[in-house]
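Please read the structure below before turning to the comments.
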Amino acid sequence: MTKTLDAIFRPQSIAVVGASRERGGVGREILGNLVKYEFRGSVYPVNPRANTVLSMKCFPSVAAIPDPVDLAIIVVPARIVPQIMEECGRKGVRGAIIISAGFREVGDKGAQLESEVAAIARRHGIRVVGPNCMGAINTEPDVRMNATFAITMPLDGSIGLMSQSGALCGTLLDYAKEAEIGFSKFVSMGNKMDVSANDLLEAWEVDESVKLVLMYIESFGNPRKFTRIARSLSRKKPVVAVKSGRTVAGARAISSHTGSLAEGDVLTDAIFHQCGVLRVESIEDLLDYAKAFTGQPLPSGKRVAVVTNAGGPGIMATDACVSHGLEMAQFEERTRRTLRENLVPAAAIDNPVDLLAEGNARMYETVLDAVLQDRNVDSVIVIFVHPLMTDAEAVNHAIHRACGRHDKPVLGVFMSTREQRRARPGSCTLPLYMFPESAARALAAMYRYGLIRSRPEGKMRRFDVKAERAESVVLKAREQGRRWLSPPEVEAVLSAYGFEMPRTVMCHDAEAAVAAANSIGYPVVLKLVSADVLHKSDAGGVRADIRNDAEVRAAFSQIVEAFTALRASNPALRMEGVLVQEMVRGGKETILGMTTDPSFGPVVMFGLGGIHVEVLKDVAFRVAPVTDVDASEMVRSIKGFPILDGARGERPVDLERLTEHLQRMSQLVLDLPEIREMDINPLVVFEKGRAPKVLDARIAIQ
């Protein structure tokens, strides 16, 4: 992928098609930026109505350029772009950045025009960024290409940044320069007609000039591909993303617990977590993270020390650290002794360390040296509020000197715009923040990324199953035009994939139910069978702990009466019968689910089961396929995990079998793409040595 994008990011020659003499014109500004940023190759302005632009010879067409052209930057009206692209193809141009707007973003007519341009690009083998974009930047010394119309010149650095919004790009560059954040690559993707976020991620994984990847995206092009690429990339380089569009644009027909819980933004969170991408809420957070990741090493643990000269900000930093999953370090005695000997008596030597307003440069340097040498400290947040009687410049230098002597991460909070702008001594990379909360969030993200890099890669487990038997059941129901599998069909499919179910008999009258109960053995459970009723317990369709024939008859009658009452308000409801099922005692109820998302494909869910799952929403999602590590994280990530792990003296459930069942479901839904939705609720899990049992399940096909 890196080679195929070289024509865009490492061209030897660039034609600016639409270079204008008019000051403020986009073509003129791009040409000016290429010159101003000292592009290392040749630049050719193209404008049939000008002889020169910015004192450079201007050509009437791309074809008229006597030398080879690697990259064409196209800034002409949309209707002319196909003609220009055809000309570029005949010239042998291999890369294009289409700045022009007026394509898919304006409606059907523009979409047709974009399709025409895409076809031309494919026919000639031209890789395209855009259309409707701001351009691209490569700051590498042997390239130095600023092919954008941004006002701000980018700083050199090691960040690869991609943005789906051109409007944000100028703001990003401006803010980044103020914060002294530099880039290696910078891309405004626009409509993503050809080059996508996935293409850039794939290229930047092997690009040694890119150490950190930042993303602003509004939609996933190919989420399954994104998961694969980002999972690999994030093990080598941090990936931080802002994903907009959190609200649900449209409703889907939902017929399962899993489907109703997989709405909104939860799947985006799940896919980012699954592939190791750090998600942030805002552009400000994106750049706050960038400062930390490019300036400091990763912390080896979660124990943080806070050093401050003001009590309030120290408490704010402590609260923010703890709320984001960090811990306040407990100092060694030698550290405490050093602090007592070097600070005024009223100073606080416990964490957070408060030097008080008397804190001067010597105190800061001494305290930071002591704290950073402490074996119980993994990272430090140092806060400086400028009192009138303190030499702020001396403190600034002291903090930077101390931080430079140690290899632990330090984040600075200088709570003054003047101190933020003060020149830093030497080549110090201490990241500075205005407020403690910003530093704490960034530090917590660094810790989380350290966990991401160290977590096992995970393995896909394939189980010995009877896939053909399950497939034949599903295909038969599909041929019959049925949307839901019947209970016997559900049992056949799940049994083929190693799920155990209690003994069950489908009945259509009370006497058949009595006979079934006697065959199974008391106690039993009676359940309504209706594909139209999702919440059977709420509808009065479940009767448990039935102990004799009379109770069976009474329970059957009650279920029929409850369904009849429902049907009175909705005559379309259908009742297939009543299940008589062996009653399973003990264990813990969980839910395993699956739904097919239009973008992400099959998505697997796990949580505590029962009737309250949609109220509590204590569930975890992963996009299939689910590895052993994914399954283990799903189980352990829910708030109710202690219930499964033996809370209040109870025995823990068999977690190994539970995670195995999640992987079995993942295999099932990938093997049988005809399955649209599935709920196993509850899957009862027991202590070690006893297999989980499916008490109820629904499978919808498409």
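Report, in deg cm²/dmol and to the nearest 500, the calculated mean residue ellipticity at 222 nm for the chain, where each DSSP H run with n ≥ 4 adds -39500 (n - 2.57) and the sum is divided by the residue count. Provide the component values of the computation, followed by the final result.
Working: 24 runs with 266 residues, N = 702.
Theoretical 222 nm ellipticity from helices: -11500 deg cm²/dmol.
Between ALA467 and VAL322, take the C-beta separation as r, use R0 = 45 Å, and let me know the FRET efficiency to the nearest 0.05. Display every interim value, and only then the final one.
Details: r = 49 Å, r/R0 = 1.08.
According to the calculation, E is roughly 0.40.
With r as the distance between the Cβ atoms of ARG567 and ARG228 and R0 = 60 Å, compute the FRET efficiency 1/(1 + (r/R0)^6) and round to 0.05.
On the way: r = 48 Å, r/R0 = 0.80.
So the FRET efficiency works out to roughly 0.80.
The alpha carbons of the range 588-701 occupy a box of 43, 28, 23 Å along the principal axes, longest dimension given first.
Scan the range 349-409 for trypsin sites (Lys or Arg not before Pro) in coil per DSSP, keeping those whose Cβ has at most 15 other Cβ atoms within 10 Å, and list them by number.
On the way: sites: ARG362, ARG375, ARG401, ARG405; in loops: ARG375, ARG405.
Passing both the DSSP loop test and the Cβ count: ARG375, ARG405.
Among 320-330, 476-486, how do they line up from the highest to the lowest mean number of other beta-carbon atoms within 10 Å? Mind dumping the intermediate values first?
On the way: 320-330: 17.7, 476-486: 14.0.
Ranked from most to least packed, the peptides come out as 320-330, 476-486.
Considering only DSSP beta bridges whose two residues both sit in the range 6-210, what percent are antiparallel, to the nearest 5? Roughly 30 percent of the DSSP beta bridges within the range 6-210 come out antiparallel. Summing Cβ point charges (Lys, Arg +1; Asp, Glu -1) relative to the Cα centre of the chain gives a dipole of roughly 1340 debye.
The alpha carbon gyration tensor of the chain gives principal lengths a ≥ b ≥ c with a/c of 1.5 or higher and a/b no greater than b/c, which makes the shape oblate.
What does the C-alpha gyration tensor say about the overall shape of the range 6-210? Classify as rounded when a/c is under 1.5, otherwise prolate if a/b is larger than b/c, or oblate. Note, shape of the range 6-210 comes out rounded.
Please tell me which of these pairs span more than 24 angstrom C-alpha to C-alpha: LYS291/LYS408; LYS225/LYS408; LYS3/LYS91; LYS3/LYS192; LYS536/LYS617?
Values: LYS291/LYS408 15 Å; LYS225/LYS408 36 Å; LYS3/LYS91 20 Å; LYS3/LYS192 19 Å; LYS536/LYS617 19 Å.
Where the Cα-Cα span goes over 24 Å, the pairs concerned are LYS225/LYS408.
Relative to the dominant Cα principal axis of the chain, helix 392-404 is inclined by about 60°. Most simply put, the chain has about 50% antiparallel DSSP beta bridges, counting only bridges with both residues inside it. Computed across the range 548-607, the Kirkwood radius stands at 15.5 Å (inverse of mean 1/r, all Cα pairs). With angles folded into 0 to 90 degrees, how steeply does helix 166-178 sit against the dominant principal axis of the chain? Use alpha carbons for both and round to 10. Long axis of 166-178 versus the principal axis of the chain: about 60 degrees.
Excluding GLU561 itself, calculate the net charge of residues whose Cβ lies under 14 Å from the Cβ of GLU561, where each Lys or Arg counts +1 and each Asp or Glu counts -1.
Working: positive: ARG543, ARG553, ARG567; negative: none.
Summing Lys/Arg as +1 and Asp/Glu as -1 gives +3.
Comparing GLN663, TYR216, VAL552 along the charge dipole axis of the chain, the residue lying farthest to the positive side is TYR216, per the Cβ-charge model. Rounded to the nearest 10 degrees, the angle from helix 655-671 to the longest Cα principal axis of the chain is 80 degrees.
Could you give the length gained on full extension between ILE315 and SER557, defined as 0.36 nm per residue of separation minus the Cα-Cα distance, in nm?
Details: separation 242, 0.36 × 242 = 87.12 nm, distance 6.36 nm.
Roughly 80.8 nm would be gained on extension.
Since every read-out is calculated from the coordinates, none of them should be taken as a lab result. Just so you know, these numbers come straight off a predicted model, no measurement behind them. Every residue, glycine among them, receives a Cβ derived from its backbone with ideal geometry; neighbour counts consider all protein chains shown.
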